[in-house]
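Colleague: Okay, handing you the structure first.
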Amino acid sequence: MAATANWVYVLAGPDGNFFRSPNFRCNSPKQAVEWREMSPPQQLNYLNAVKCLREKPSQFPGESQSVYNDLVLVHQKSLEHSHDKPIFLPWHRLFLGVFDSALTKKCNYQGPFPYWDWSRDSQAPETSSIWDNTYGFGGKTSRWSGCLVGPFAGIQRYQGVKGCVRRTWNGRESPLISATYTEVQLEFVMNSRSFSEFSHNLELLPHNSIHLSVGGDMADVSISVNDPIFFLHHRNLDRLWNIWQSRNPSLAYTYSNDFYEIIHMFGLVPDEPVHSVMNISGARAFGLICYKYSNSIVPRTSDVVKRDNSSSNSTIGAKQTLSKSPGPFDRNNLEKIRYIEPLPEQFLKNKGYSSTQIQAIRLKELEIRKITDKINQDDTFKSKIRLEVLNLTKFSWKSRSQSEIVTDTQTNKKAFKNAVAKVME
């Protein structure tokens with residue numbers, strides 16, 4: 001109980017009002033924004049706050065070395081409770097709330113809380129500015145030191161095998177990260193017709209895909225929190241859950257188990273029932289759940305128009321075979337979206353999936369690949385994040401407006417629906 005009391009104090013501040021106030025209202029929700037919506041000073045402030053948590057003494061003496069490592073430890077303890085089960089999304093939503101509050105209360109962080117919308121980088125994730133060595137999280141593990149580079153250079157792992165925290169793109173000696181889900185491919189998940197189906201598809205497919213693509217510590221769920229990119233990835237998954245809730249108001253607050261099922265935090269903070277985290281602006285869980293998401297980012301229109309006009313006679317796309325999509329490591333096709341690399345067989349076996357379950361997963365992956373092929377054959381659909389745009393010398397991002405997200409959602413829904421119909425023919 002001492003550890004819990006310590007954390008309550010840390011999250012609350014000296015007067016205890018933040019964490020324990022029964023009258024807390026979500027009148028000023030925290031801002032959650034895409035990493036590239038933050039200014040360079042904001043990015044540095046966030047990175048420094050995360051590093052600060054690694055210097056603060058642990059609330060679990062003898063088990064952990066810092067406040068940051070407390071998070072690694074509790075996530076590790078939660079594995080059987082919080083993964084491959086309906087509680088996956090609620091558990092991580094509360095976990096993110098604890099992390100945010102620790103940044104604020106322990107390290108005086110006052111800025112927005114970032115997510116990584118990897119759909120924006122899906123066609124060549126290794127080129128994302130999120131891996132910048134100054135205003136990002138550093139890239140893959142250095143071949144010389146065996147450690148991370150950039151702001152987290154040389155950070156050590158305390159849970160698991162001792163040594164440097166690592167990133168190894170796809171676990172391979174490759175400069176490329178396999179392509180991941182675009183917004184239109186994510187419609188496979190967003191079209192889920194129940195919470196159970198949505199949670200399962202989101203965790204199984206894009207969640208696992210990103211963990212494995214980043215590689216290193218991220219590829220091992222038991223130590224994945226060691227890599228600070230973990231929190232931006234999971235905040236994006238939480239954002240997608242919130243979008244699914246808003247798109248399905250009749251299903252928004254449904255759950256496939258008991259609403260009073262307990263989210264176990266293993267002494268990090270007091271446990272909470274699932275119903276306390278279902279609404280991100282619901283002022284529940286003692287004020288930890290109170291935030292709102294931005295609309296993410298899009299390429300600047302002027303950049304896209306300039307490239308579209310200048311490349312209207314390009315023959316690059318014509319050289320591709322229309323019946324097949326470019327592969328996850330292809331970087332030559334500038335117009336089409338890539339298919340997603342299947343989840344490794346050994347990874348699925350290690351997670352305890354039976355041969356029958358793995359066969360069902362392979363059918364999902366095949367369906368997504370067929371849909372991707374049909375989307376690429378649709379002359380009326382042109383992805384905003386195709387490499388033709390992202391390879392621009394003066395390429396830049398901007399915050400996406402409400403009208404733009406409405407248009408993008410309608411476009412993606414239509415393209416996906418048309419592709420599904422083609423597959424079914």
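Colleague: Tell me, what is the per residue accessible area of the chain in Å², probe radius 1.4 Å? Walk me through the numbers on the way to the answer.
Modeller: Numbers: 18330 Å² over 425 residues.
It amounts to 43 Å² per residue over the chain.
Colleague: Which of Lys292/Lys414; Lys351/Lys413; Lys336/Lys422; Lys51/Lys105; Lys324/Lys384; Lys364/Lys413 have a Cα-Cα distance over 24 Å? Present the calculation step by step, with values, prior to reporting the outcome.
Modeller: Numbers: Lys292/Lys414 27 Å; Lys351/Lys413 32 Å; Lys336/Lys422 17 Å; Lys51/Lys105 14 Å; Lys324/Lys384 20 Å; Lys364/Lys413 18 Å.
Cα-Cα > 24 Å for Lys292/Lys414; Lys351/Lys413; rest within.
Colleague: Compute the Cα gyration tensor for segment 52-135, then decide on rounded, prolate or oblate, letting a ≥ b ≥ c be the square roots of its eigenvalues: rounded whenever a/c is under 1.5, prolate when a/b is larger than b/c in the other cases, and oblate in all that remain. Spell out each step's value before the answer.
Modeller: Numbers: a/c = 1.93, a/b = 1.25, b/c = 1.55.
In terms of gyration-tensor shape, oblate.
Colleague: Please work out whether segment 209-301 counts as rounded, prolate or oblate from its C-alpha gyration tensor, where a ≥ b ≥ c are the square roots of the eigenvalues and a/c under 1.5 means rounded, while otherwise a/b larger than b/c means prolate and anything else oblate? Could the numbers behind the result be given before it?
Modeller: Working: a/c = 1.86, a/b = 1.14, b/c = 1.63.
In terms of gyration-tensor shape, oblate.
Colleague: Using the alpha-carbon atoms, what tilt in degrees (0 to 90, nearest 10) does helix 355-377 show relative to the longest principal axis of the chain?
Modeller: 50 degrees
Colleague: Quick check on the chain: of the DSSP beta bridges with both residues there, what percent are antiparallel, nearest 5%? Provide the component values of the computation, followed by the final result.
Modeller: Working: 8 of 15 bridges.
Counting only bridges with both partners in the chain, antiparallel ones make up about 55 percent.
Colleague: Roughly how many percent of the accessible protein surface of the chain is carbon and sulfur, given a 1.4 Å probe and a whole-percent answer?
Modeller: In the chain, the share of accessible area belonging to carbon and sulfur is 51 percent.
Colleague: Normalising by the residue count of the chain, find the relative contact order in percent from Cα pairs under 8 Å and 6+ residues apart. Display every interim value, and only then the final one.
Modeller: Details: 659 pairs, mean separation 84.6, N = 425.
That works out to 20 percent.
Colleague: With a cut-off of 8 Å between alpha carbons and a minimum separation of six or more residues, what is the relative contact order of segment 31-166 in percent? Walk me through the numbers before you get to the answer.
Modeller: Numbers: 159 pairs, mean separation 32.6, N = 136.
For segment 31-166, the relative contact order is 24 percent.
Colleague: Moving on. List the residues whose amide H sits under 5 Å from the amide H of Ile289, counting only those 5 or more places along or on another chain, with H placed 1.01 Å from N in the peptide plane.
Modeller: Amide H neighbours of Ile289: Arg284.
The values are calculated or read from the model by the stated rules, or taken from the named source; none is laboratory data. In this text the structure is predicted, and so the values were computed from the model without any measurement. Note: accessible area is taken over every heavy atom of the protein model, side chains too, but ligands, DNA and RNA are not part of it. Shrake-Rupley method; radii C 1.70, N 1.55, O 1.52, S 1.80 Å.
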